[in-house]
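Okay, so here's the structure we're looking at.
The values are calculated or read from the model by the stated rules, or taken from the named source; none is laboratory data. In this text the structure is predicted, and so the values were computed from the model without any measurement. When we count neighbours, we look across all protein chains shown, and the Cβ atoms used for this are built from the backbone with ideal geometry, even at glycine.
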Amino acid sequence: MPSNIIGVHSVTIIGSQAVLMARVDADFGLGTCRVRPYVIDLDTLSASFGSGYRDSPFDSCVGDGYATAYDGAVPLFFFAPGVVTVESNSSTYQRRIYLYDPETDTWYFGDIENASGNRLFVDQTCSLAQDGSSLLFTAFNQINQTFGFSRSRWILRLDLETLTFDTVYAEDGGDFGCGSQMLVEGDAAYFLPNSESIADPSPPLEIDLVALRASAPGAVGSVTSEMDAPIFPRQFFGADIVGQSIFVVGGSDGDFVPTDIVEERHLQ
Amino acid sequence: MELLETSLTPPAGVDFDTGWSFAPRLPDALYNVQAALPVAEYDGELWVFGGADEDFTSATTSAERYERDVYVFNPSTES
């Protein structure tokens, strides 16, 4: 990959292509950076940049909360900061869904809201996975911890047909941390928070997708339970499922030393 | 990305490595990874797509930046 890619926020495999949302350094001048799609053919390793989204918040380096998933109709889902608000010394961002079609190099976006018509304002959205026409994603408000405020973390469900969201899981305190991973396999979703907040680490969570799919919007019952797996001992990792195992890759530990590839336990 | 203040000292009696099996380390080129490592399964292999450089804002030449290589890990042939 080119050295002006200074970070890769997410990757989605579409056929034999990997579509990366890459943070690109300041070949655009003024020390700013942008997020642009970078498409790699996995068979030939040939690659090219797609277009950046014009007039978007991606023109800044407010670079968290990007995640992607794949859907046959609309290839990529891409959360990003929208309108920025500042409240009590902490910044929260209105979340939109951004869609990128690598076939046509075209961007779309839409606003999302809950059943009450409230837009989603959170500090970070750091992991996302698709289950049919729903997206499961995590959100948390982290900046408050800097100022001693209480923190909250959520798992949310977004209906892609209506662009409405509801809450699947909510917990006061702590955060999930960027680098957390949401994985969907069959009738279960596995969420691996990173260990960013060691003093209040989150255990891996499992979501019963059968129960969740049967839940009406806004009426989600208890579908989340703790996984029988240890807290992952690193920060900023990636993960995916190969066969019956979850493989966790990365990330930095306390000294930001070289990373490990770690194999997790078998799925049930 | 704004980083959080963290304490990486586990609580007494807690070993975060317990319960995990570890495979070979990634190459040193991924040193200083400070963002999520994008990982995706493709054809039974794990593909790892580079990382992020924590010091990119102070880098003035391309030589100071890190390469963003693509790594492939095959769990069926490597241990």
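Here is how the numbers come out for the structure above:
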| quantity | calculated |
| --- | --- |
| Top-ranked residue of the range A:230-261 - restricted to ones that are over 20 Å from the mean Cα position of the chain (by Cα) and modelled with pLDDT of 75 or more, ranked as farthest from the other protein chains (Cβ to nearest Cβ) | A:GLN244 |
| Among the residues listed as A:VAL35, A:VAL19, A:VAL39, A:VAL11, the single one being among the aliphatic types (A, V, I, L, M), at pLDDT below 75, part of a strand (DSSP E or B) and out of contact with any Cys (no Cβ under 6 Å at 6 or more places or on another chain) | A:VAL35 |
